[in-house]
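Asks: My questions will all concern the structure given below.
Values in this text are rule-based calculations from the coordinates and carry no lab data. None of these values were measured; they are calculated from a predicted model. For neighbour counting, all protein chains shown are included, and Cβ atoms are generated from backbone atoms with ideal geometry for every residue, glycine included.
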C-alpha cells in the first residue's frame, strides 16, 4: 500500500495523500485506499507537476480516460453502437489470425523449439530424380553428407511425411506413421514416456531388428496403455516389429499432420519392399530438422550448410544446390507455406474489409457526435485549451472504444474458433490425418490484438477528432446550427458512406459468385453416373502381399463379388472419379515436340460401363491390352481436341514420359466422353485412361455397380475380403461421397462468404440509416423553410435522399470495378461459373442500392410529421 | 442574493461542515463529518476539488500545518471560513428556507 501511495505522489497533492495515509493508519481497507487514490489523481500541485511533464501527461491521460468512461456510461446506446461493430470486425480478424498463426507461425512442439531449423533444397542440373513427397526433399546419402559435415548444428535429423500402413491384430486398422533417423528424438529433445526409443543397437546397425516407437495416443487406443508393451512385437504391413518405446503424451511429430508411430529410416524397405529407395541417391523423400548450436546465428548456419551442400554438388558434376534453411514451424514445406500465406492474404483482405466498414460506421458516429458538441468544443478552444489536448481527449475516447471492442472481439474469436475448427474437421475427408492446431492466446495473438486496437482507433477516431477540434468562430457566434455542421464534415460523412458502399459491393459480389458456384456444384451433372456405385478400397501391401499374390487376391475377390445378388458389373481403377489427389504425367504427340501435363487414370475395361461414361469413338480396352509392344490409351474428347483438332484420333500415337530420357508410345484406341473425373466442373483439362496391369500390386479401387442395399453390400464385401485375406483393411463407400467432398467445400466457402457479406451489408445499411437520420435532424429548419416556400414533402425527401445516395452510387461503381479485379483470385473455387458472372455483378449492387434506398427513406418519414412553422423556430 | 454568489448543493454542505467544525479544521475531519451526517460516501478528490473552488471564490482560506508521522510525514491543510463565505451561506440558507416554506408537511407525509 505504501508503494502505491508513493507511486501516486507525483500526480496527487500532499494533503490528499496525507488524508489517505491517515485513514489507512486508522484502519481503512486497501480497496478504500485505491478508490481514494483514483479520485485524487490529476489534482496534483501544478507547480510540482510542471517540473515533471511526464507526470502531467499521465495525470491528464488518466483524467481523459475517466472522462471517456463516464461519457460512455452516460450514453450506453452510443457506446453499444460504437463497440459492437468494432468487436465484430476485430473478432473476425483475430480468429483468422489465430488460425493462420497456429498453422504457419507457431514453433514446433519441442523443447527449445526456437533453436530448431528445417532444411530443404533447390537443385538444377540433375538428369533423373524420383520423388516421394516433394522434389525439395533429400535422399539419404545427401542427408548423411549434411549431417556429418555440419558444425553449426548440434544434430541434424531426418523424417518423412506420414506413411499409411496396416496395423495387424484382432482389429486391423490403417495407421499413419513417420520414418525417422536414429537421432530424431535426441535432436528434438523428446524423452520417451516408456522404453529407450531408438538406440544404436536398434537403429544404426545394418542388421538391426525392425523397431517402432508408438505415439501415446496409439498406445492408449490400440494397446490399452499396456505398460508391458515395450519389448513386444506388433504387425505393421504384415511384418513383425518390436516396440522399443512410447512417445510422451501429446507428441505426434513436429509436422502439422500428426503421426501414430515412428520407425527408423532403414525400415523403408521392410514396409514397402517393392519400392526400395532407402540408400538411393536420386530419390527425394526426407525432410531435415536440426538444432542450432548456442551462439550460432541463422546466417552462420545457412552459410556453413551451403558450404557442405557444395560437397553434394561435387559428387554429381553439373549439379548446383541451394539450401532453404528456416526456423522450424509445424508447416515447413515452402510450397505449402506459400499457399497458406496466399490464402491468408485473401482471407485477411476479406475480413479486413469488414473491419473497414465497421470503422467507417464508428467514424460516422463520432463525426455526428462531434457536430452535436460543436458549441461545447468551440467554447473550450476559445477558453485556451490547446487543440492538441482536445484531440488527445477525443482520441482517448476512441482508444477506449477500440480496446473494449478488441477485448469483446477476442473473446468472440476464441469461442467461435473452436466451432469453426470442429466444422472444418467434420467436413474433411477421412483420409486427412489428425492436425496439430493450437490456437491459444499467445504472444503473437496478443501483439496482433494490440496492433489492431491501435490501428482501428486511429482509423475511426483521428479524422473525427481533427474535424471536431477545428475552431470555427462562425459556429461560436452563430446560433444557427442548420446546415448539419460544416461543409467539410458533410463531405467526410459522404466519403465514409461511399467507402462502406464500395467495400460492401466487393464483399457481396464475391459472395454472390461463391453462392452461385455452390449452386452449380449441387445441381450439375458430372458426366458420369455415381448412383448405385460402391467404391471398395484396399491396399494389399498392408499385408505384405507380393505382386502375384495381390493379383490373385484381386481376381478372387472380383469373382466372388460378381456372384453377389444385385451386382451388375465391377471395374478396377487407380483413382475413382472426383476423388482427392491428382495422377499426372507428361505426354506429347509422336510427331510433336512439346511435352504437356495430362491427368490420367489406370482402369479395367469395364470402367466406362460401370460409371456410364460413353465411348464415343473407337472401343474400350480388351482384357489382354498390355500384352503387345505398344500400350494402348483411351483419350477424352477434350484431349482429342487438344492434340488433333478436327482430326480422327483413333490409331494416332502419343508418347508418355517414363523418366528424363525414356518414353513409351501409346496408341489411341478409343475416345471417351468428357466427364468431370479430376475436378468438379472441369471437362477441359486433358485426361487419358491407361489399361490396368493385372499383375501390379499397387493400391486399387473396385467400382461395384449394384442395385442391392448399400449396407448389405458393404457387409458382404467385407465378409468376402476377410475370408480371402484375414487382416486386410477394406473400406466400402458410395461413389457419391466423392461428389459430397467438393459440394461440402463449396458450401463452406459460400457459407462463410455469404455470412461475411451479410454482416457487411447490415453494418452498411445501419451506417446509411444513421447518416440520413442525422442529416434530417440537423436540417429540419431548412426543410421547414423549403416547405413554406411551396416545396412538396416528396420533393424535400427526394432532395435529402439524392444527396445522401450520391456517394453510395459512386461507391457502388468503384466496388464493381474492384470486384472485377478481385474475383480473379477466387477463380480456383468458382466451379462452373465465370469470375465475371453477369448475374452476380448485377444482382449484388442492385440489392445494395435497394437496401440503401430503404435505409435512407425510413428516417425521412419523420419529415411528414413536422410543422414547417415549428421547424422554423428550431435552433 | 447578488448575481454570481451561488452555492451548489455540495458547496453548501462543505461550507456548513467547515463552519461546524470550526476554524482550523482540516480535510480528513471535514470528510468524516460530511460522511457521518449525510450518510453518503465522499472521495478525497471530490472534497478537495470543492474546497479549492471555495477558496478561489474567497469563501474559505487554507494554510499548511506541520507534518505528522501518522500522515507519512505529510502536512495537514487547515481551513477556515471567511466572512464572504458566511454571508453567502446565510443568503443561500434564506433562499432555501423561502422555497421550503409550507412544504415540510408534504414531504414528511410522503405525498
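Asks: Taking R0 as 25 Å, what's the FRET efficiency between residue A:65 and residue B:56 from their Cβ-Cβ distance, rounded to 0.05?
Replies: The computed FRET efficiency comes out at 0.45.
Asks: If you take every DSSP beta bridge whose two residues both sit in the protein assembly as shown, what share of them, in percent to the nearest 5, is antiparallel? Display every interim value, and only then the final one.
Replies: On the way: 81 of 102 bridges.
DSSP beta bridges in the protein assembly as shown are roughly 80 percent antiparallel.
Asks: According to a simple spin-label model (label point 7 Å from Cα along Cα-to-Cβ), what is the distance in nm between residue A:624 and residue A:862?
Replies: 9.2
Asks: If you don't mind, another one. Taking the square root of 5 times each eigenvalue of the Cα gyration tensor, what semi-axes in Å does the equivalent ellipsoid of chain A have, largest first?
Replies: Semi-axes from the Cα gyration tensor: 64, 40, 24 Å.
Asks: How many partner chain Cβ atoms sit within 10 Å of a residue's Cβ in peptide B:44-51, on average, as a whole number?
Replies: The per-residue average across the peptide is 6.
Asks: Need one value for A:77-89: mean number of C-beta atoms belonging to other chains within 10 Å of its residues' C-beta atoms.
Replies: The per-residue average across the peptide is 0.
Asks: Work out, step by step, the length gained on full extension between residue A:227 and residue A:130: first 0.36 nm times the residue separation, then minus their alpha carbon distance; give nm to one decimal.
Replies: 30.8 nm
Asks: Go ahead and run the numbers for FRET between residue B:37 and residue B:75, Cβ-Cβ distance against an R0 of 25 Å, rounding to 0.05.
Replies: After rounding to 0.05, the efficiency reads 0.45.
Asks: Give me a single rounded figure for B:60-73: the average over its residues of other chain Cβ atoms within 10 Å of their Cβ.
Replies: Rounded to a whole number, the mean comes out at 3.
Asks: Related question: What distance in nm separates the simple spin-label points at residue A:171 and residue B:63, each placed 7 Å from Cα in the Cβ direction?
Replies: 9.3
Asks: Another question, if that's okay. Which part of region A:749-790 falls in the paramagnetic zone of residue A:829, meaning amide N under 19 Å from the point 7 Å along Cα-to-beta-carbon?
Replies: A:749-761
Asks: Semi-axes of region A:100-146's equivalent ellipsoid from the Cα gyration tensor, sqrt of 5 times each eigenvalue, largest first, rounded to whole Å?
Replies: One finds semi-axes of 28, 14, 9 Å for region A:100-146.
Asks: Next up: If the chain between residue A:341 and residue A:4 were fully stretched, how many nm would it gain, using 0.36 nm times the residue separation less the Cα-Cα distance?
Replies: Details: separation 337, 0.36 × 337 = 121.32 nm, distance 4.71 nm.
Stretched out fully, the residue A:341 to residue A:4 stretch lengthens by 116.6 nm.
Asks: Quick check: pseudo-label points 7 Å beyond the Cα along Cα→Cβ at residue B:86 and residue A:391, how many nm apart are they?
Replies: Distance between label points: 5.3 nm.
Asks: Starting from the Cα gyration tensor of region A:648-752, take the square roots of the eigenvalues, sort them a ≥ b ≥ c, and report rounded, prolate or oblate (rounded when a/c is under 1.5, otherwise prolate if a/b is larger than b/c, else oblate).
Replies: Oblate.
Asks: As an exercise, use a Förster radius of 60 Å and the Cβ-Cβ distance of residue A:316 and residue A:820 to find the FRET efficiency, rounded to the nearest 0.05.
Replies: The computed FRET efficiency comes out at 0.75.
Asks: Next question. Rounded to two decimals, what is the ratio between the C-alpha radius of gyration of region A:741-875 and 2.2 N^0.38 Å?
Replies: Rounded to two decimals, the normalised Rg is 1.43.
Asks: Divide by every residue of chain A the summed helix terms, -39500 (n - 2.57) for each DSSP H run of at least 4, and state the resulting mean residue ellipticity at 222 nm, rounded to the nearest 500 deg cm²/dmol.
Replies: Computed ellipticity for chain A at 222 nm equals -17000 deg cm²/dmol.
Asks: Roughly how large, in nm² to one decimal, is the mean projection of the convex hull of the alpha-carbon atoms in region A:676-828? Don't jump to the answer; show the numbers that get you there.
Replies: Values: hull surface 71.6 nm².
That works out to 17.9 nm², a quarter of the Cα hull's surface.
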